[in-house]
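Step one of this worksheet: look at the structure below.
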Amino acid sequence: MDPLQRLLAERACERLVVDFVHRLDLGEPASVAELFTEDGTWEWPEGGRLVEGRAALREYFGSRPADRLSRRLMSNILVTLTAPDTALATSYFSTYRVDGYEGGVVPAGPPVQVGHYQDAFRQVDGVWLLGTRVLFLPFGGPTPRVGC
């Protein structure tokens, strides 16, 4: 593969990783479904969660509590092209989150989650999309409520 084409493909996949958390934290959470292929899946093996297809993904991520404040930090994004139209990636994340948010500044606390994603990407009609996203969470806890 041409080095420039490889770089552009890797960058498109990296952007999907970052766009996913941006939409969850600062955008419309249900819109993350648009970043997946029609048959895309989001899986959390711990607890047996599996969400399949865009409609189900839209419903799942759209059901996030309206009073939730979150910020996710993404790092160590490593994309590996496996073919001209497929790629794999591993990326690390930390999630800071509270429920019951009504505005203002919330005192900082430790992250409620630290883990990594394993992603598989496919290029569909010239656009890179998530085919599968699997969440691994070695560090996690409940979401605290503001003031509790």
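The values are calculated or read from the model by the stated rules, or taken from the named source; none is laboratory data. On a predicted model such as this, the values are computed, not experimentally measured, just so you know. For neighbour counting, all protein chains shown are included, and Cβ atoms are generated from backbone atoms with ideal geometry for every residue, glycine included.
The residue list Arg23, Arg6 contains one member that is surrounded by fewer than 16 Cβ atoms within 10 Å (Cβ to Cβ) and at pLDDT 95 or above, which is Arg6.
Against the list (1) of a type in the set (S, T, N, Q); (2) under 27 Å from Gly141 (Cβ atoms); (3) out of contact with any Gly (no Cβ under 8 Å at 6 or more places or on another chain), the condition Gln113 fails is (3).
Those strands (runs of 3 or more DSSP E) of region 22-112 in which at least 2 residues are β-branched (Val, Ile, Thr), considering only elements entirely within it, cover 36-44, 69-83, 86-98. Scanning region 102-131 for residues that are more than 22 Å from Gly40 (Cβ to Cβ) and surrounded by fewer than 17 Cβ atoms within 10 Å (Cβ to Cβ) yields Glu102, Gly103, Gly104, Val105, Val106, Pro107, Ala108, Gly109, Pro110, Val114. Between Gln123, Gln118, which is touching a Ser or Thr at 6+ places or on another chain (Cβ under 7 Å), outside any loop (DSSP other than H, G, I, E, B) and among the polar types (S, T, N, Q)? One residue alone meets the criteria, Gln118.
Only a single item in (1) at pLDDT 95 or above; (2) loosely packed, with under 13 Cβ neighbours inside 10 Å; (3) touching a strand residue (DSSP E or B) at 6+ places or on another chain (Cβ under 7 Å) is not met by Ala89, and it is number (2).
Scanning region 53-69 for residues that are surrounded by 17 or more Cβ atoms within 10 Å (Cβ to Cβ) and modelled with pLDDT under 95 gives no hits.
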